[in-house]
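Enquirer: Here you go, one structure.
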Amino acid sequence: MEDPAEEKMPFTDHLQELRTRLMRVLVVVGIGCALCWYFKEQLFQIITRPLFQVLPQNSHMIYTGLPEAFFNYMKISFFASLFLTSPYILYQLWKFVSPGLYKSEKKYVIPFLLSSTILFFGGILFGYYLALPPAFGFFIEFSSDFLKPMVSLREYLSFSLQLLLAFGISFELPVILFFLAKIGVVSSKTLAKHRRYAILVIFIAAAILTPSPDAFSQIIMAIPLLGLYEIGIFVSKFAEKKRPKEDAANEKHEDV
């Protein structure tokens, strides 16, 4: 009996499978967005709290176009929907790649969903509580009696939501390294040996992922990524320990 990982799926079938998964994700995210729209005012207060904590008292935000407030509320609802439906999105991602995995590797669906969801939530919460407040405090310090901050709602959401999403995605680094080690693409020794190159890549990635070109925001993102890289080296060792036994079992299975 042939292992599923060895079955060849036509390219058109891959595209059809991808289309199916994307459609399911869009439907669920759309439903979540509609539900979040009902709580748009509460969500607005939550997402702007880090800014108003450092702004002078009685400060307010502005918008310069008539439809701008509407579309920004839509953006808040969409981001909140991504946050709430992320476990389902990650599950659909797993279902898309699972046909290429060995049967013994498919059992990692629950650990994958739990770890990736926790890390995604953790990245967003890290950005919300530990990255945004000091970043906003740093920028507001440049205000003076002659220079008053008038924050645009559109610019604020573009900065904060992109930064939070970047934190959520970048915190998946240990999971990515674990599965790369699992399939033999990398090893813990290789990751440790090329640590200095990884540091360079992490700072470049932080510069790309952060919506602002300032070094302060990039450093805030790069520091936790350095720690997550070390965690990735640690967890990849567990993937290597189990791989030889599973490879031997798969080889025996193929011989039969």
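Any read-out appearing in this document is the output of simple, stated calculations on the displayed coordinates, not a laboratory observation. If you're wondering where the values come from, they're calculated on a predicted model, not measured in any experiment. Here the Cβ is made from the backbone with ideal geometry for all residues, glycine too, and neighbour counts use every protein chain on show.
Enquirer: Please go through the range 184-212 and give me each residue that is over 21 Å from GLY123 (Cβ atoms) and either in contact with a helix residue (DSSP H, G or I) (Cβ under 8 Å, 6 or more places away or on another chain) or in contact (Cβ under 8 Å) with a residue 24 or more places away in the chain (or both), ordered by number. Spell out the reasoning first.
Expert: Residues of the range 184-212 that are over 21 Å from GLY123 (Cβ atoms), as a first pass: 184-190, 192-197, 200.
Those that are over 21 Å from GLY123 (Cβ atoms) and either in contact with a helix residue (DSSP H, G or I) (Cβ under 8 Å, 6 or more places away or on another chain) or in contact (Cβ under 8 Å) with a residue 24 or more places away in the chain (or both): GLY184, VAL186, SER187, SER188, ALA192, ARG195.
Enquirer: Related question: With the range 166-217 as the region, which helices (runs of 4 or more DSSP H) entirely inside it contain at least 2 residues that are within 18 Å of SER86 (Cβ to Cβ)?
Expert: Numbers: elements: 173-182, 188-193, 195-209.
The helices (runs of 4 or more DSSP H) meeting that bar are 173-182.
Enquirer: Which one of these does LEU93 not meet: (1) closer than 18 Å to TYR156 by Cα; (2) of a type outside the set (Ser, Thr, Tyr); (3) out of contact with any Leu (no Cβ under 9 Å at 6 or more places or on another chain); (4) surrounded by 15 or more Cβ atoms within 10 Å (Cβ to Cβ)?
Expert: Just one mismatch for LEU93, condition (1).
To keep it simple, each residue is scored yes or no on (1) within 30 Å of THR20 (Cα to Cα); (2) surrounded by 14 or more Cβ atoms within 10 Å (Cβ to Cβ); (3) under 18 Å from the mean Cα position of the chain (by Cα).
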| position | (1), (2), (3) |
| --- | --- |
| SER116 | yes, yes, yes |
| LEU125 | no, yes, yes |
| ALA135 | no, yes, no |
| PHE142 | no, no, no |
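Enquirer: Return yes when GLN53 is more than 20 Å from the chain's Cα centre (by Cα), closer than 22 Å to TYR129 by Cα and exposed (fewer than 15 other Cβ atoms within 10 Å of the Cβ) and no when it is not.
Expert: Against the criterion (more than 20 Å from the chain's Cα centre (by Cα), closer than 22 Å to TYR129 by Cα and exposed (fewer than 15 other Cβ atoms within 10 Å of the Cβ)), GLN53 qualifies.
Enquirer: Could you check the range 41-147 for helices (runs of 4 or more DSSP H) lying wholly inside it with 1 or more residues that are more than 24 Å from PRO224 (Cβ to Cβ) and of a type in the set (Ser, Thr, Tyr)?
Expert: By residue number, 68-97.
Enquirer: Go over the candidates PHE179, PHE167, PHE203 one by one and state the one that is within 20 Å of LEU228 (Cα to Cα), buried (at least 21 other Cβ atoms within 10 Å of the Cβ) and out of contact with any His (no Cβ under 7 Å at 6 or more places or on another chain).
Expert: Answer to the check: PHE167.
Enquirer: Something else: Select from the range 12-44 the residues that are under 30 Å from PHE136 (Cα atoms), touching a Phe, Trp or Tyr at 6+ places or on another chain (Cβ under 9 Å) and either free of Cβ contacts under 8 Å to residues at least 40 places away in the same chain or aliphatic (A, V, I, L, M) (or both) and list them in ascending order.
Expert: VAL29, LYS40, GLU41, LEU43, PHE44
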